[in-house]
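S.K.: Let me begin by handing over the structure; questions about it come next.
The values are calculated or read from the model by the stated rules, or taken from the named source; none is laboratory data. Since this is a predicted model, take the numbers as computed values, not measurements. Cβ: placed from backbone, ideal geometry, glycine included. Neighbour counts: every protein chain shown.
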Amino acid sequence: MRLTFACLIAACALTACQPTSTPAIDLPPARAQIITATPSPEATPSETTPPASATPQRDILFPYTIAGLRERNYPSGEIQVGEPLVVIDSYTRYPIHYTSDGLTITGILQIPPGDGPFPVILLNHGYFNRAEYRSGDGTDRLAEFLNQRGYLTLSSDYRGWSGSDAGPSLFHTGLVVDVMHLLRAIPSVPQADPGRVGMLGHSMGGGITTKILTLGVDLRAAVLYAPNSADDADLIARWGYGCISDINPSQCNSADMLPATLPAELLDAYRQAALDPLQMREIAPIYHLDDIHIPVQIHIGEADGDYIGSTPPEWSYKLYDAMREAGVPVELVRYPGQRHSFTGQSRDLFLERVAVFFDQNVKNP
């Protein structure tokens, strides 16, 4: 089977720090046997990113590179909040929509009881089949848990999911842009504290979060839960190219959307980029980690990667090693026997550790 027709069959469910030589694990001894954190022997990218070539292919792909995303303007819009969907003791859930690249993007806002302003966690969901996805899927349980801890949560559906408008997304950059606009719009929510914001992403959402971390955003901390590889070449090798025109998960990677109306030169440059290691270095966040100075926590199940839509643990080990080399204050937590979405006691331990991490770095920095 050719690279361009790799299968993608998955729906992702549940979903003052200085660099240290080894990650600290502060859980009680009885729980530490469930979670371990050790460096991986994986080799890490150590070369500096080469300068961009002046070829037409590189010029046309520049907006989809890390440098191009850094140069973009992300104006602060307004989050439009609808009527309550759910009202319970621990939170009130609202539908939202906002504008990104001229597209209307939908999502979910959940506010804990009280007047606020509350610390904010942006939740980035993983891949779902678009026909099955409903607003808030993949982040609802995390949101409820964080609401109970006093956090306001925001979850974007991204372009093409739920009620959001469809639009182009090459190398997940469209989804990155959608979350960036949501981040910039946080001040429009009266109950939100825009000075205390963290981010958590699962699977594809973890990959989106990693790209966002390289853009110099105003976050206090980030959690990557079973994240996609930070090297886009790994994603193409596993799942193939994005879908051109029709979205057909059995024949292409529908996480990327390439409308047939895009310029032919851009579609051709997209196809050729995977064959050009220098171009992929300009696109992949793993080569652009030096400017990340906020604490990052990576959680990965050691049995992940066992089906095509999941994420091999080696991707997390590779990112962890690269972040340590870049001086990022990063912590890796490995869960023996856990797959792509944690269950049972490991899930409880994951949630506890995330809460402690956000409490220390977002709520009470």
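S.K.: Which numbered condition trips up Ile247, out of (1) more than 20 Å from Trp315 (Cα to Cα); (2) of a type in the set (Val, Ile, Thr); (3) at pLDDT 95 or above?
M.R.: (3)
S.K.: OK, next. Going residue by residue through segment 256-279, is there one that turns out to be touching a Gly at 6+ places or on another chain (Cβ under 9 Å) and closer than 30 Å to Pro336 by Cα?
M.R.: There is no residue in segment 256-279 that is touching a Gly at 6+ places or on another chain (Cβ under 9 Å) and closer than 30 Å to Pro336 by Cα.
S.K.: Same structure, new question: So which residues in segment 142-174 are assigned to a helix (DSSP H, G or I) and either polar (S, T, N, Q) or within 17 Å of the chain's Cα centre (by Cα) (or both)?
M.R.: Leu142, Ala143, Asn147, Gln148, Thr173, Gly174
S.K.: So, Pro63, is that one outside any loop (DSSP other than H, G, I, E, B), at negative phi and touching a Gly at 6+ places or on another chain (Cβ under 8 Å) or not?
M.R.: The answer is no for Pro63.
S.K.: Here's a follow-up. Looking for something among the aliphatic types (A, V, I, L, M), over 27 Å from Gly327 (Cβ atoms), touching a Pro at 6+ places or on another chain (Cβ under 6 Å) and surrounded by fewer than 24 Cβ atoms within 10 Å (Cβ to Cβ) - is there at least one such residue anywhere in segment 163-172?
M.R.: no
S.K.: Which of the residues belonging to segment 288-338 are in contact with an Asp or Glu (Cβ under 6 Å, 6 or more places away or on another chain), charged (D, E, K, R) and not in a strand (DSSP E or B)?
M.R.: Lys318, Asp321
S.K.: Still on this structure: Scan segment 233-244 for residues that are of a type in the set (Val, Ile, Thr) and modelled with pLDDT of 90 or more and jot them down.
M.R.: Ile236, the sole residue that qualifies.
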